[in-house]
1. When you check Ala275 against the structure, is it at pLDDT 95 or above and either over 20 Å from Tyr135 (Cβ atoms) or in a loop (DSSP other than H, G, I, E, B) (or both), yes or no?
2. Considering Ile117, Ile138, Ile186, which residue is touching a Pro at 6+ places or on another chain (Cβ under 8 Å) and assigned to a strand (DSSP E or B)?
3. Determine whether His89 is outside any helix (DSSP H, G or I), under 19 Å from Pro61 (Cα atoms) and either away from the ligand (no atom under 15 Å from the Cβ) or in contact (Cβ under 8 Å) with a residue 40 or more places away in the chain (or both).
4. When you look at Arg42, is it modelled with pLDDT under 95 and farther than 24 Å from Thr149 by Cα, yes or no?
5. Mind listing just one residue for me: the one in the stretch 121-144 that is of a type in the set (Ser, Thr, Tyr) and within 15 Å of the ligand (Cβ to nearest atom) and, of those, farthest from Asp38 (Cα to Cα)?
6. I'm told Asp118 meets every condition in (1) within 16 Å of the ligand (Cβ to nearest atom); (2) crowded, with 23+ Cβ neighbours inside 10 Å except one. Can you identify the failing condition by its number?
7. Would you be able to say whether some residue in the stretch 176-183 is closer than 23 Å to Lys291 by Cβ and more than 16 Å from the ligand (Cβ to nearest atom)?
8. Given the residues Ile293, Ile242, Ile312, Ile270, which is the only one that is part of a loop (DSSP other than H, G, I, E, B) and among the hydrophobic types (A, V, I, L, M, F, W, C)?
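The values are calculated or read from the model by the stated rules, or taken from the named source; none is laboratory data. Only a predicted model underlies this, so the values are computations on that prediction, with no experimental measurement involved. All Cβ positions, even for glycine, are placed from backbone atoms using ideal geometry, and neighbour counts span all protein chains on display.
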Amino acid sequence: MKQSNRIWLPAYCDPNSFLPAVQETVVLFSRRPYLFQDFVGRALSFLKSEEVTKMGFQYDPKRALPCKWKCSDESLFGVDLVLYAYTGHYPFDKGRIGGVYNETALGAAVHHSSVNIDFGGSHVGYVPEKNGGSYGRIARPLNDRQTSTDCGYLMAALAPFKEVYDDACKNIFLFRPDGRQVIASIPNEFLQPGWSTNRIKLLVDIERFTTGPVPYNVGNPYTHKVAGRSLFYVSPEFLGGIDPRLPDQSFMTTEPQPIGNELTADYFSIYDSEAELVGGVPVKRFLPYAKYILSSKVAPYPLKAAVTSSNIEHNRLTDSVRVEEFRTASFASFTGVFIDIYDEKLDCYVNLFQPVGLSIKPAGKAREIEISAAEIHHIFDNLEPAQPQMSLEGVLGYERADHVLDSFSYRAEGCH
Ligand SMILES: [Zn+2]
């Protein structure tokens, strides 16, 4: 019988349990994001269109309440200003730190207006560089422009997971001692949770990653036990998944080499052994996605974290507007990822916005009409944007920031 270490995993981490899908970051970012100010202009113009009226959604700018749900980070202050400039109303706050959607604010918002226009999502800092910038940090002008994490909340929540994942990448070794089978030398704390006192546990999935333990043979020194480690034969499935174009086909050598970022999501689980659960699901709903966020080879992990979190919170938003209490109210909810850039020239933060989805719930309906990210781009790219109520120059301090959008040079690997 094949051995397994899955029995120690919480149910939500079991590789056999289904995890609802979230959007692929590389697909989403195969399209250029918008300057948030341009996005709002197009969004308001779209709401006035015949297409939306036909859905049963009545948009009267004099009656609609602009709402925001986003992190409290000051790098997102421009989002409030843009909504103010375009609508003439200060946006109602439906957000919490970390870009968490606050459904308890919904009753009050609907009390102010039965038509809510929502803009929200997670955010991520971006530092432009040639050939693709870096994610997860931003310069803070109030702190001598020193950089700090952005979104600080999401990065802090992921940091202990990142530390354990990086440690596993460096300390799981692969080698081929006798020129035949590839062997993995795995520290025992990555095989059974009791071997580590860290509350974050990373377990290599020996069912999938290996074909079984290496039997001890007195005449073969490489089969002799090393204190604190176990030896396994690596599965053909894992070896077949390694890109043969990689410069280091070093796993094929007699010298043990760290597994590095070949430790991908199919071959391990990572979880917080003290995470608060409700009904078997972590209260922090991104936790089951942590291994995908950390081990992606094609998407920078702070960006992937923001995309994942926006997906999860968008679900909470759409779920909350369907309840009977809000049946007569209408909602147009634009969800996306804010990309924050500190621009030296303007000496302020500028926000880009990559839409994740739009849901329109007309009054009287229980379910909303969903419009995908690809459709939003398709529709918006051919729209004449609405004009702001107040001059952007007066409210934001600048009219255009196209050079900031141009400085965004990320293209997902494989997408051009
Ligand atoms: Zn934040």
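1. yes
2. Going through Ile117, Ile138, Ile186 in turn, the sole match is Ile117.
3. For His89, the condition - outside any helix (DSSP H, G or I), under 19 Å from Pro61 (Cα atoms) and either away from the ligand (no atom under 15 Å from the Cβ) or in contact (Cβ under 8 Å) with a residue 40 or more places away in the chain (or both) - is met.
4. When the stated conditions are applied, Arg42 does not pass them.
5. Taking the candidates together, the pick is Tyr135.
6. Looking at each condition in turn, Asp118 falls short on (1).
7. Among the residues of the stretch 176-183, at least one is closer than 23 Å to Lys291 by Cβ and more than 16 Å from the ligand (Cβ to nearest atom), which makes the answer yes.
8. Ile242
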